[in-house]
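Remarks on the structure that follows.
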Amino acid sequence: MSTALIWQTVSSNLDGTKKLGELLGRHLRGGETIELLADLGGGKTTFTQGLAKGLGSSGNVSSPTFTISKIYKCRDSLEIHHFDFYRLSEPGILADQLAESLSDPKVVTVVEWSDIVSDVLRKNRISVKFEPTPNDPDERRITIKYPESATGLIKAIETEWEEVEP
Ligand code: ADP
Ligand code: MG
């Protein structure tokens, strides 16, 4: 991501991370790519649960680590395609499936452990990184990198987030 803008915040617990995902989900319109970066247990799947709720999915979001990709039906005939490339050494046919999701304007593509497919991901993705903090095991530093085209979206979320986690 060459010309990414950055917004950083802190989520103080599990519910905060879900809520932030939900705020993002509410604003998405389809065609976006969300890349999630964290170590195991960082909060990627938790964030995706909130995102799915914000997009109006009633489905149960769990980690797709062993199924590798999952689909959640959402409002306005949108879908979330949730990929997890953890433990995969070679993307194979999934890279094609991912490319198809990325090119569908009705799909929000969420990718965990995206390293091996980073060349397939589009440049204007929104990248969300979760890091532990030294003080509190329930706290996560969250860094969102976004393209200029997502500035309005991120500013809106920032304002709504201030009300949740002042
Ligand atoms: P990942 O998908 O990155 O492996 P998960 O979302 O599956 O991570 O798991 C995150 C774990 O960390 C959960 O057990 C959750 O309860 C815990 N947790 C504690 N604090 C937070 C926080 N602020 N945000 C997200 N998860 C948190
Ligand atoms: Mg996960």
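Details
- Some residue of the stretch 86-98 being closer than 16 Å to VAL61 by Cα and within 16 Å of ligand 2 (Cβ to nearest atom): no
- Single residue of ASP76, ASP15 found to be more than 25 Å from SER149 (Cα to Cα) and among the acidic types (Asp, Glu): ASP15
- Just one of the numbered conditions (1) surrounded by 15 or more Cβ atoms within 10 Å (Cβ to Cβ); (2) modelled with pLDDT of 90 or more; (3) closer than 25 Å to GLU131 by Cβ is not true of PHE85: (2).
- Only one entry in GLU160, GLU131 is of a type in the set (Asp, Glu) and touching a strand residue (DSSP E or B) at 6+ places or on another chain (Cβ under 7 Å), namely GLU131.
- Qualifying residue in the stretch 128-144 (condition: surrounded by fewer than 19 Cβ atoms within 10 Å (Cβ to Cβ) and among the aliphatic types (A, V, I, L, M)): no
- Of the strands (runs of 3 or more DSSP E) contained entirely in the stretch 59-150, those carrying at least 2 residues that are within 14 Å of ligand 1 (Cβ to nearest atom) fall at 79-84, 107-112, 126-132, 140-146.
- Annotation: GLY30 fulfils all but one of (1) at pLDDT below 95; (2) in a loop (DSSP other than H, G, I, E, B); (3) surrounded by 14 or more Cβ atoms within 10 Å (Cβ to Cβ); the unmet one is (1).
- Test: residue in the stretch 111-124 that is more than 16 Å from ligand 2 (Cβ to nearest atom), among the polar types (S, T, N, Q) and free of Cβ contacts under 8 Å to residues at least 60 places away in the same chain: yes
- Test: residue in the stretch 77-86 that is of a type in the set (Asp, Glu) and free of Cβ contacts under 8 Å to residues at least 24 places away in the same chain: no
- Test: residue in the stretch 6-13 that is without any contact (Cβ under 8 Å) to a residue 40 or more places away in the chain and surrounded by fewer than 20 Cβ atoms within 10 Å (Cβ to Cβ): no
- When we screen SER63, SER58, SER77 for residues that are surrounded by fewer than 21 Cβ atoms within 10 Å (Cβ to Cβ) and within 11 Å of ligand 2 (Cβ to nearest atom), the only hit is SER63.
- Considering the stretch 33-55, the residues that are polar (S, T, N, Q) and within 16 Å of ligand 1 (Cβ to nearest atom) include one that is surrounded by the most Cβ atoms within 10 Å (Cβ to Cβ), namely THR48.
The values are calculated or read from the model by the stated rules, or taken from the named source; none is laboratory data. These numbers were taken from a predicted model, which means no experiment stands behind them. Here the Cβ is made from the backbone with ideal geometry for all residues, glycine too, and neighbour counts use every protein chain on show.
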